[in-house]
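Peer 1: Would you mind keeping the following structure in view while I ask a few things?
Please treat every number below as a calculation from the coordinates, not as lab data. Keep in mind that what you see is a predicted model, and the values were worked out from it rather than measured. Positions of Cβ are backbone-derived with ideal geometry, glycine not excepted, and every protein chain shown enters the neighbour counts.
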C-alpha cells in the first residue's frame, strides 16, 4: 500500500507539490493541512486564498500563468464594483477592488460564506468544496477558528512605517513591497489545530515549499503542532522554498532577511531543524548541502523548480523516498 | 417651482412610473419611499430587489425585457455556483441558484453588504448606491430595520399547504404560483418608517402602480404611515396596478382575490379609500369609474400601461395634475 502522507501547505508552491504528489502516491491517503492565516473577509465574504489555491490546482483548474484563481476567469463583478469607489465615505473599504475576485471564483466564496452562516465549520465546508471540484486528496484547514496574520511594517517602510497591517492588504494591495519588522498570528494561541492525528500518525509528513514564516509559521504556531512534528522528526521532510537565495514566488527571501534568517537553504534548515530531519534543496544550491547538514538536517539535492508536472512528480517521489 | 412629490413604491411598475415622473417634474424634488419587505439574504449578501429595480430603472440601466436586473448582464458566478448543488448537505440552502444574481448586479449586493457590515444604515447605503448610478431622485428604503414579508400558503396549495414561506421563495422560486391564505410583515411593528416627514409635507403623495398588498402593504404597516396619509388625503393619489382585472406583472390580482378583495380597480379603490382621495385607472376600466367613486375616491381615466417612456411621462403628468 502507498504510504499515507500529511503535507503542511501554503499556497502556490504547496499546491504544485501536492499535484505532483497526487500522481506519486494514492491521493486518498494524502491529507493537506493548509494555512488559513491569510484568510480575509471581503465584501462580507469569507475568502481563503491558500485553501482555494490548493483546491483549484488539484482540480486542474488553476490559472498557472497568473498564479492564483481559476483559469478562463472573467471579472465582470469586480469591474462593476469600481462604480462605488467615488460614493463610499472616507474610512470605508466597501467596494474595494484591489483584491481581484473573479466571477467564477466568487461562487466559491458565496458558497463558503453561506455555509459558515448556516453554522458549518470551515473544515466541513472545505471538504464540500473539495468534493465539488472532484479532488481526491483530503484538504483540511489548519484550524476552524479564525487566525489572522498581522504584519508590522518596518520603520523604514515607505508605506505606514511602524503600522500593523492585515496580511492581504500588505501582500496584495501593497504587493508585499513594504519591509516587515514583525509578524504575528492573532488568534493562534487559543485555536485548536485540525488533523493533528494525521501529523502524528501519517507514514510521512512533508513541509511543502511554502513561505516558512507566513505560510508554515501559522500552522506551527498552533498548540501541539511543533511538538507532534518533533516527536516524529525522523520521518518529517521539508522542501526548501528558497532556491539560489530567492523565493520562486512571493516575499519569503526578503522577509527571512528582515526577520533575522539567512535567505538561503541554510536559513530554511535552521528554521526547520528542530521539527524535521531532512531538507530537499535544489541542484543550484548543491554546494550548500554541507552547511544544511551542519545545521542539523540531512540534505537531498534534486530539481525542485516545478516548471511542469513531471518535475513535480519526480520531486514528490524523491521527497517521500527521502524519509519513507 | 415644480411640486415636491413623495412616491410610495414597489418594484417594476413603480420604477417605470418614477422614470416618467423624472421627466415630468424636477427629479431632485421627488422622493421614492421603497418597500423593503421583499429583501432577503442570499449567500450572505443583503439583496433589496425593489430598491435595486427602482435605482437601475431610474439610471436607465434596467433590463426591460426581463423586467428586473441590469441590461447586458452575464451569469458566470451563478453558473459556477451550480457546482455546489451536489455537495451541500440536506437542509442547507447554500449555493442555491433559483434566485438569479447577475455578475454586475452582484457588485451592488457586495457593496451594500460591506457597508452594512461597517455599520452604515440601509438609508445611507441606498443613497450611496443611488449616487453611484447617477440617479437624481431621492430613493429611501421604507425603514432601516429588517421587515420581512411572510406568506402563509393556502390549504389547497400544491406546494407545502398551510406552510409559511419567505416572500422571495414564494415569488421567485415558486413563481408566485401557490395560492396564499395570509400575508404578514414580520418586524413591521417595531420598525421606524423613514421619510415620514416627506409623506406629511410633500406637495403631492403618489401611491405607485405596485401590488397593494405586498408592495404598498408593508409601507402602510409601518407605524404612522397610514395616519400621515389620511391626514392629507386630498393630495394623495394612487395609480391602479390592476388593469382590466389583471396585474400587468406579478401576482396582485390573484392575491387580491384570495385575500378577499375584488381584483379590479374597484377593489383597489376600497383598499386605498381611507388614505387617498383619487385613483388613476386605465381607459379599459372606464366603465368602472362610477364604482370607484362609489367606493369613496375621485377617479381619473387615462392610459396607465407604460409601454414606452412617453406614456409614462403622460401618466405622471396626469397623476400629479389630478391632485396638485
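Peer 1: Could you work out the relative contact order of the stretch B:212-318, using alpha carbon pairs under 8 angstrom and six or more residues apart, expressed as a whole percent?
Peer 2: Computed over the stretch B:212-318, the figure is 24 percent.
Peer 1: Helix B:12-24 versus the longest principal axis of chain B: what angle, 0 to 90°, nearest 10, using Cα atoms?
Peer 2: Between helix and principal axis, roughly 50 degrees.
Peer 1: Taking 7 Å along the Cα-to-C-beta vector as the label spot, tell me the residue B:59-residue B:192 distance in nanometres, rounded to one decimal.
Peer 2: Simple spin-label model gives 2.9 nm for this pair.
Peer 1: Shifting gears a bit: According to a simple spin-label model (label point 7 Å from Cα along Cα-to-Cβ), what is the distance in nm between residue A:173 and residue A:200?
Peer 2: 4.1
Peer 1: For n ≥ 4 DSSP H runs only, could you compute -39500 (n - 2.57) per run for chain A, divide by its residues and tell me the 222 nm figure to the nearest 500?
Peer 2: Rounded to the nearest 500, it is -9500 deg cm²/dmol.
Peer 1: Related question: Using Cβ contacts closer than 10 Å as the measure, can you line up A:43, A:109 from fewest to most?
Peer 2: Starting with the residue having the fewest Cβ neighbours, the order is A:109, A:43.
Peer 1: Related question: Which distance in Å, rounded to a whole number, links the C-alpha centroids of the stretch B:40-58 and the stretch A:69-128?
Peer 2: Taking the Cα centre of the stretch A:69-128 as reference, the centre of the stretch B:40-58 is 17 Å away.
Peer 1: Using a Gaussian network model of chain A whose springs link C-alpha atoms within less than 10 Å, name the residue from A:185, A:133, A:167 with the highest mean-square fluctuation.
Peer 2: With Cα springs under 10 Å in chain A, the top fluctuation among A:185, A:133, A:167 is at A:133.
Peer 1: Roughly what angle does helix A:309-323 make with the longest principal axis of chain A, taking Cα atoms, 0 to 90 degrees, to the nearest 10?
Peer 2: 50
Peer 1: Please state the equivalent ellipsoid semi-axes for the stretch B:1-123: what are the square roots of 5 times the Cα gyration tensor eigenvalues, largest first, in whole Å?
Peer 2: Over the Cα atoms of the stretch B:1-123, the ellipsoid semi-axes are 31, 16, 12 Å.
Peer 1: For chain A, calculate the relative contact order in percent as a whole number, restricting contacts to Cα pairs under 8 Å that are 6 or more residues apart.
Peer 2: So the answer I get is 19 percent.
Peer 1: Starting from the Cα coordinates of the stretch A:66-128, work out the convex hull volume and express it per residue in Å³.
Peer 2: Per residue, the Cα convex hull of the stretch A:66-128 comes to 125 Å³.
Peer 1: Further question: Springs between alpha-carbon pairs under 10 angstrom, Gaussian network model over chain A: which of A:269, A:163, A:253 fluctuates most?
Peer 2: Ranking A:269, A:163, A:253 by mean-square fluctuation puts A:163 first.
Peer 1: Now a separate question. Post the alpha-carbon centroid distance, the stretch B:13-35 to the stretch B:236-284, in whole angstrom.
Peer 2: 20
Peer 1: Per q in 0.08, 0.12 Å⁻¹, report the Debye log10 I(q)/I(0) for the protein assembly as shown, using one uniform scatterer on each alpha carbon and no solvent.
Peer 2: Rounded to two decimals, the profile gives -0.67, -1.11.
Peer 1: Quick one: label points 7 angstrom along Cα→Cβ at residue A:64, distances to the other copies in nm, smallest first?
Peer 2: Those separations, rounded to one decimal, come out as 4.9 nm.
Peer 1: Using a 7 Å offset from Cα along the direction of the beta-carbon, what are the separations from residue B:156 to the same position in each other copy, nm, ascending?
Peer 2: 8.3
Peer 1: Another question, then. Considering only B:282, B:52, B:303, give the residue with the highest GNM mean-square fluctuation for chain B, with springs between Cα atoms whenever their separation is below 10 Å.
Peer 2: Result for chain B, Cα springs under 10 Å: B:303 fluctuates most.
Peer 1: When DSSP assigns beta bridges and you keep just the ones with both residues in the protein assembly as shown, what percent turn out antiparallel, to the nearest 5?
Peer 2: Restricted to the protein assembly as shown, the bridges split so that about 40 percent are antiparallel.
Peer 1: Next question. Please give the average number of partner chain Cβ atoms lying within 10 Å of the Cβ of each residue in A:31-43, rounded to a whole number.
Peer 2: Mean number of neighbouring Cβ atoms from other chains: 1.
Peer 1: Okay, next question. How big is the gap, in Å, between the Cα center of the stretch B:166-209 and the Cα center of the stretch A:178-234?
Peer 2: Distance between centres, Cα-based: 53 Å.
Peer 1: Still on this structure, I have one more. With r as the distance between the Cβ atoms of residue A:118 and residue B:156 and R0 = 41 Å, compute the FRET efficiency 1/(1 + (r/R0)^6) and round to 0.05.
Peer 2: Efficiency at R0 = 41 Å is approximately 0.80.
Peer 1: What FRET efficiency comes out for the pair residue A:234/residue A:26, r = Cβ-Cβ distance, R0 = 25 Å, nearest 0.05?
Peer 2: E between residue A:234 and residue A:26, to the nearest 0.05, is 0.65.
Peer 1: Still on this model: What is the pair-distance distribution P(r) of chain B, computed from all Cα-Cα distances in 20 Å bins starting at 0, with each bin given as a whole percent?
Peer 2: Cα pair-distance distribution for chain B, in percent: 33, 60, 8, 0.
Peer 1: Within a 10 angstrom radius of the beta carbon, how do A:236, A:180, B:34 rank from fewest other beta carbons to most?
Peer 2: Going from sparsest to densest Cβ surroundings: A:180, A:236, B:34.
Peer 1: To continue, here is another question. Calculate how steeply helix B:122-132 sits against the longest principal axis of the alpha-carbon atoms of chain B, using the helix alpha-carbon long axis, and give the answer as 0 to 90 degrees to the nearest 10.
Peer 2: 90
Peer 1: With label points built 7 Å along Cα→Cβ from the Cα atoms of residue B:71 and residue B:97, find their separation and express it in nm.
Peer 2: Going from the residue B:71 label point to the residue B:97 one covers 2.7 nm.
Peer 1: When B:75, A:98 are ordered from fewest to most other Cβ atoms inside 10 Å of their Cβ, what list results?
Peer 2: A:98, B:75
Peer 1: Right, next: Please compute the average number of Cβ atoms from other chains found within 10 Å of each residue's Cβ in peptide A:87-100.
Peer 2: 4
Peer 1: Along Cα→Cβ at 7 Å, what distances in nm separate the residue B:192 label point from those on the other copies, shortest first?
Peer 2: Listed shortest first, these distances are 4.2 nm.
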